[in-house]
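The values are calculated or read from the model by the stated rules, or taken from the named source; none is laboratory data. Since the structure is predicted, the reported quantities are computational estimates derived from the model, not experimental observations. Neighbour counts run over all protein chains shown; Cβ positions are idealised from the backbone, glycine included.
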Amino acid sequence: MKTQVAIIGAGPSGLLLGQLLHKAGIDNIIIERQSPDYVLSRIRAGVLEQGMVDLLREAGVSERMDREGLVHDGFELAFDGRRERIDLRELTGGKTVMIYGQTEVTRDLMEAREACGAKTLYNVADARLHDLKGESPFVTFTLHGESVRLDCDHIAGCDGFHGVSRKSIPDGVLKEFERVYPFGWLGVLADTPPVNEELIYANHERGFALCSMRSPTRTRYYVQVGAEEKVEDWSDERFWNELKSRLPVDTAAQLITGPSIEKSIAPLRSFVVEPMQYGHLFLVGDAAHIVPPTGAKGLNLAASDVSTLYRILLKVYREGRHELLERYSAVCLKRIWKAERFSWWMTSMLHKFPGTDDFSLRMQQTELDYFISSEAGRKTIAENYVGLPYEAIDE
């Protein structure tokens, strides 16, 4: 089996890269260790930056998103008994975000790939990457009990934090940067109307809370919990009561509760590896970096990696600009670290940290008040939230 670009992982980043490459006439094959149903069962992000929305449109997979997605002009910060709105459109010169779940993005990309006849191999086992720094990289794996070899020019590692791609890079090549936070997010998905038409991020003495949504009839709510907490200890009633206690009184009074469809606890961490490439292997998305979900950057950072790799490969195949391959990591990391900073800042400002003294709490409240009270501060929050511009590829 042979292709130009082998893509490891059929999550949204692998599928989006595959769709863009296919449209450009660059052959690619995606291999995925899980089944399509498993991939679609992952309940993840729902806030898409302007840049990702534009990239999905460029890929030709935006029809349902544009029809069903919710365009948000702003969001709210709740702290110190007040609610403050960040007007994204006004503060960024017209940019917005789109509320559209990762599951729906993945479904749209899967359907588009099936419609165009591009090849995706699911339920692949024992994938191994070979000759990454040689002239002829290839991937071996087992499919339906048979051994398969896939020869290619380049490999895109879109298989997440636990995938084989990053682990295929020899020890001593990558430098890891990591911060593990001493708490997690307990999330509940419910078929209830949102308590507010825009997202609310709440800082409270009992801990962080987030009011989010997937549609006008499906909500996603979160509360900060200790790292040792177990999801089975949280009944629906306990969750709703805790959420109400962390919201402003008027907001809590409007909250409509209901049975949870899905309930889970997600740990929070910041993680980056440098460089993001090794020979013909290019790490994309969670394979190279993780952000706390507070700034809504995880899926969006993966999309910016996809955009960078796609535009480099376009120049490689159309113009013979092979030297640009060496710039992939530096271009991606410039934007990644800025997104890591914003996610770290949002996490630091909105969560209650164990052992925090009264002085630190006052500093947290004062920092939020300073940014909210200043037009420059509001603009800084807004431009980061809608997403910083994608880094340019060397012309």
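Points worth noting:
- All told, GLY18 meets the bar of being outside any loop (DSSP other than H, G, I, E, B), under 17 Å from GLU114 (Cα atoms) and not aliphatic (A, V, I, L, M).
- Hits in the stretch 174-187 - residues which are within 18 Å of the chain's Cα centre (by Cα) and crowded, with 20+ Cβ neighbours inside 10 Å: GLY184, TRP185, LEU186, GLY187
- Only one of the listed residues (LEU55, LEU15) is buried (at least 19 other Cβ atoms within 10 Å of the Cβ) and either within 12 Å of ASN300 (Cα to Cα) or of a type in the set (Phe, Trp, Tyr) (or both). That residue is LEU55.
- Flag for PHE342 being at pLDDT below 95 and of a type in the set (Phe, Trp, Tyr): no
- Residue count for the stretch 203-256 under the criterion of being under 27 Å from LEU361 (Cα atoms), surrounded by fewer than 18 Cβ atoms within 10 Å (Cβ to Cβ) and either touching a Pro at 6+ places or on another chain (Cβ under 9 Å) or β-branched (Val, Ile, Thr) (or both): the result is 3.
- Residue in the stretch 375-382 that is in a helix (DSSP H, G or I), aliphatic (A, V, I, L, M) and modelled with pLDDT under 95 present: no
- Residue count, the stretch 127-138 (criterion: assigned to a strand (DSSP E or B) and at pLDDT below 95): 0
- Residue that is surrounded by the fewest Cβ atoms within 10 Å (Cβ to Cβ), among those in the stretch 145-167 that are out of contact with any Phe, Trp or Tyr (no Cβ under 8 Å at 6 or more places or on another chain) and in contact (Cβ under 8 Å) with a residue 12 or more places away in the chain: ASP153
- Of the listed requirements (1) within 30 Å of GLU232 (Cα to Cα); (2) among the hydrophobic types (A, V, I, L, M, F, W, C); (3) surrounded by fewer than 19 Cβ atoms within 10 Å (Cβ to Cβ), LEU268 misses just one: (3).
- Members of the stretch 207-242 that are closer than 24 Å to ARG82 by Cβ, over 24 Å from the mean Cα position of the chain (by Cα) and touching a residue at least 12 places away in the same chain (Cβ under 8 Å): TRP240, GLU242
- Yes/no for VAL272 being under 27 Å from ASP80 (Cβ atoms), among the hydrophobic types (A, V, I, L, M, F, W, C), in contact (Cβ under 8 Å) with a residue 12 or more places away in the chain and in contact with an Asp or Glu (Cβ under 8 Å, 6 or more places away or on another chain): no
- Residue check for ILE31: buried (at least 22 other Cβ atoms within 10 Å of the Cβ), of a type in the set (Val, Ile, Thr) and more than 19 Å from the chain's Cα centre (by Cα): yes
- For the stretch 315-327, the criterion of being at negative phi, of a type in the set (Ser, Thr, Tyr) and either touching a residue at least 12 places away in the same chain (Cβ under 8 Å) or buried (at least 22 other Cβ atoms within 10 Å of the Cβ) (or both) is met by at least one residue.
- Condition met for ALA330 (touching a Leu at 6+ places or on another chain (Cβ under 7 Å) and closer than 28 Å to ALA392 by Cβ): no
- Enumeration of residues in the stretch 127-138 that are surrounded by 12 or more Cβ atoms within 10 Å (Cβ to Cβ) and either over 26 Å from the mean Cα position of the chain (by Cα) or without any contact (Cβ under 8 Å) to a residue 40 or more places away in the chain (or both): HIS130, ASP131, LEU132, PRO137, PHE138
- Taken together, the residues in the stretch 353-374 that are part of a helix (DSSP H, G or I) and among the hydroxyl-bearing types (Ser, Thr, Tyr) amount to 4.
- Filter pass, VAL331 being crowded, with 20+ Cβ neighbours inside 10 Å, touching a residue at least 24 places away in the same chain (Cβ under 8 Å), among the β-branched types (Val, Ile, Thr) and touching a Gly at 6+ places or on another chain (Cβ under 7 Å): no
- Evaluation of MET98 against (1) in contact (Cβ under 8 Å) with a residue 60 or more places away in the chain; (2) surrounded by 14 or more Cβ atoms within 10 Å (Cβ to Cβ); (3) under 19 Å from the mean Cα position of the chain (by Cα); (4) under 30 Å from LEU368 (Cβ atoms) (one fails), failing number: (1)
- Options THR380, THR347, THR356; residue that is β-branched (Val, Ile, Thr), surrounded by 12 or more Cβ atoms within 10 Å (Cβ to Cβ), over 20 Å from SER13 (Cβ atoms) and in contact (Cβ under 8 Å) with a residue 12 or more places away in the chain: THR347
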